[in-house]
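Shown next, in structure tokens, is the structure this report addresses.
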Amino acid sequence: ISIIEFNGVTKRYGQATAVDHISLNIKEGEFLSLLGPSGCGKTTTLRMIGGFELPSQGSIKIDGQEAGNLPPNHRPVNTVFQNYALFPHLSIYNNIAFGLKQKKVSKAQIENDTNEMIEIMGLQEHKHKYPRQLSGGQQQRVALARALVNKPRVLLLDEPLGALDLKLRKKMQFELKKLHDQLKITFIYVTHDQEEALIMSDRIAVMNQGRIEQIDTPQQIYNNP
Ligand code: ADP
Ligand code: ADP
């Protein structure tokens, strides 16, 4: 079953076409990577799924509803960015609990869900610290925990490991894949790193100049580049 359906989606900024007539079905629970060089339209595609941008043309449906029409609190989607975007003045615990506190969720539920996510991400010993006291990898785990604590059906990841050194990136690739297997949430993962996409994805959409040139399993992409 598809959770997200792109139908003839184009996004223009003035004269420039960032995304050029994309049609695409994303299956519930799959790990889909958007792979391609800088400027090919990956982030714009992701931002339209998140409802941060509207298509100039065409439609994007999430669970049958137009993505751009869903009010922010009703989007079954959360995002993790490359720069983590944590709140510097909030503790790790409160960074992760932040989204739940915006909703009408009981205090007991907030504590339960927040602590559960802290445990899944291995952040127990850091929960009373502040973001600046954590390493890049730890901060990215906090960003993931914060995005996942609401139990979104879709997680959007925009080059989430791009700021990490190679060794840590390899480790986090493995952790992210494990997390995906564990949570059964749809992951849409933007990267310009072909090896990363090949290792992690169920399917890869290869983008170039706003179009999807190829979409297939890593195995097929590797054999027929
Ligand atoms: P990628 O994520 O693959 O690097 P983007 O989706 O960020 O690509 O950008 C695709 C194209 O759209 C680029 O040419 C970029 O300069 C342009 N673009 C993206 N966002 C904007 C914007 N807000 N205003 C104008 N042009 C933009
Ligand atoms: P506020 O809503 O003003 O943030 P809370 O009572 O939710 O106040 O939290 C007070 C402090 O206690 C916060 O800084 C938070 O980090 C910490 N805290 C609250 N609940 C827990 C918990 N279950 N585990 C760890 N720390 C907690």
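Observations on the model:
- Compactness of the chain is given as radius of gyration and Dmax, 17.5, 52 Å, from Cα positions.
- The Kirkwood radius of segment 7-93, taken over pairs of alpha-carbon atoms, gives through the Stokes-Einstein law at 10 °C and 1.306 mPa s a diffusion coefficient of 109 µm² s⁻¹.
- For segment 77-153, lysine pairs with C-alpha atoms less than 22 angstrom apart, excluding pairs fewer than eight positions apart on the same chain, total 10.
- Counted by Cβ distance under 12 Å from Gln133, the other residues give a net charge of +2, where Lys and Arg count +1 and Asp and Glu count -1.
- Among beta bridges from DSSP that stay inside the chain, the antiparallel ones total about 55%.
- Scaled against the 2.2 N^0.38 Å expected of a compact globular protein of N residues, the Cα radius of gyration of segment 37-80 reads 1.16.
- In the context of the full set of protein chains, residues of the chain present 51 Å² of accessible surface per residue (probe radius 1.4 Å, heavy atoms only).
- Sparse packing (at most 15 other Cβ atoms within 10 Å of the Cβ) combined with a DSSP loop state is found for the following trypsin sites (Lys or Arg not before Pro) in segment 103-135: Lys103, Lys104, Lys129.
- Extent of segment 166-225 along its three principal axes (Cα atoms, max minus min coordinate, largest first): 30, 26, 23 Å.
- Net charge contributed by nearby residues that have their C-beta within less than 13 Å of Leu70 (K/R +1, D/E -1): +1
- Of all accessible heavy-atom area on segment 83-161, the percent that carbon and sulfur account for (1.4 Å): 49 percent
- Carbon and sulfur %, accessible surface of segment 1-78 computed with the full protein complex present, 1.4 Å: 45 percent
- A Cα-only calculation for segment 30-151 places Rg and Dmax at 16.1, 48 Å.
- When Phe81, Phe52 are compared by accessible area of protein heavy atoms, the largest-first order is Phe52, Phe81, using a 1.4 Å probe.
- Sequence-distant lysines (8 or more away, or on other chains) whose Cα lies within less than 24 Å of Lys11: Lys27, Lys42, Lys61
- Taken over the Cα atoms of segment 114-225, the convex hull encloses 118 Å³ per residue.
The values are calculated or read from the model by the stated rules, or taken from the named source; none is laboratory data. Note that the structure is predicted; figures quoted are calculated from it, not measured. Every residue, glycine among them, receives a Cβ derived from its backbone with ideal geometry; neighbour counts consider all protein chains shown. The accessibility values were calculated without ligands, DNA or RNA, using every heavy atom of the protein model including side chains. Shrake-Rupley method; radii C 1.70, N 1.55, O 1.52, S 1.80 Å.
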